[in-house]
Amino acid sequence: MTIMGKREIRISIFYTDLYVWDFMRRKAFLESFLKQANDFYGKYKLRIDPFPFPWDYTLYKNAFVLSTGKGFQPDVNQDQLAADMRADTADRAALQQKLADPNLTVGERAELVRQGQELDKRAQGRIWQGSTSNGEYDLRLALGKRFASDKTLKSREAEFRKTPRLVIVFCEFVSLQVHSQTSLDAIGMYIDALSQSERKRYAAYKKPVPAFEQSFVIIDISGASWHTLAHEIAHGNGHAHPTSSYGGYYDGPQESIYNYFSSGMDPSKVVLEDADLKSLENAYFVR
Ligand SMILES: [Zn+2]
């Protein structure tokens, strides 16, 4: 708590690649997101602090841009998964047709059977792909590596442990022309801290457990606004939407930060209800 009585929402903002970093700096998108999100949170004596250390272009770029090439894209709406599985189905049908040919030689048949086994293996892999389509695993790995390797972040390790920050990752979600049937049109997501069951699942797939275990937020730059940032941060108090269909639209009064209907509203009109504010004040990244 500061003397002014304003509590700080402490965040660290990462970018999956240089394009995302430039995009958020161009036209001062990030600045305006932060300004409007603070217009909203300011009404509740909260203020977002996005600076884990004093601003410096090179230090920030080195610490927070996760890839200098094409960065990782979460497939939150499962467009890629659906496209891959459509291709699997087509390959399977083509293979079956070939296998129905009575004139196949023994060698040709054996080769087609081998291809069938490859397809089975691919289908198995889709289970993993689908269960981590929001990018949780890959991003945890990348964040863990970055915290362990970047000099500036490493030098603040003890401080981050004492006063943790919520990690926000700006990125581009996969978006294909053909959307998956499971598409939620999501533009942001709050991902809970690594659970025991996720840890077990990683072990079952023989995947190393990522070093980055705390909760984090992913935000798709192509659709995001100040509201996406403020909304996902507000999930940090443990708030979950009603699980019914269109749950986000039935979540509290329509002007609540949790309600999707409030996404086009002015920050001054959007509200955080008393109980939600109290629990947010107790979130691990609020001081
Ligand atoms: Zn939400």
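Nothing in this text is a laboratory measurement; each read-out follows from the coordinates by a stated rule. Note that this is a predicted model, so its numbers are computed, not measured. Cβ: placed from backbone, ideal geometry, glycine included. Neighbour counts: every protein chain shown.
Taking amide hydrogens as placed 1.01 Å from N in the peptide plane, the amide H of F14 sits under 5 Å from those of I168, V169, F170, each at least 5 positions away in sequence or on another chain. Seen from H239, the other residues with C-beta closer than 11 Å to its C-beta sum to a net charge of -4, counting Lys and Arg as +1 and Asp and Glu as -1. Net charge near A142: determine it from the other residues with C-beta under 12 Å of the C-beta of A142, scoring Lys and Arg +1 and Asp and Glu -1. Net local charge, A142 excluded: -1. DSSP beta bridges confined to the chain are antiparallel in about 25 percent of cases. Cross-link partners of K145 among lysines, defined as those whose alpha carbon lies under 27 angstrom from its own and excluding same-chain residues fewer than eight positions apart: K61, K70, K154, K162, K200, K206, K207.
Peptides 99-109, 265-275, 148-158 ordered by packing proxy, namely the average of other Cβ atoms within 10 Å per residue, highest first: 265-275, 148-158, 99-109.
On a per residue basis, the convex hull of the C-alpha atoms belonging to the chain measures out at 164 Å³. Residues H179, H231, arranged from fewest to most other Cβ atoms within 10 angstrom of their Cβ, appear as H179, H231.
Loop-located chymotrypsin sites (Phe, Trp or Tyr not before Pro) across the stretch 1-104 with a Cβ neighbour count of 11 or fewer within 10 Å are W55, with loop assigned by DSSP. Both radii come from the Cα set of the stretch 79-131: Rg as radius of gyration, Rh as Kirkwood radius; their ratio Rg/Rh reads 1.08.
Per residue of the chain, the DSSP helices (runs of n ≥ 4 H) give a summed -39500 (n - 2.57) that works out to -13500 deg cm²/dmol at 222 nm. Put a dot 7 Å past the Cα of Q96, heading toward its Cβ, do the same for K278, and the two dots end up 5.9 nm apart.
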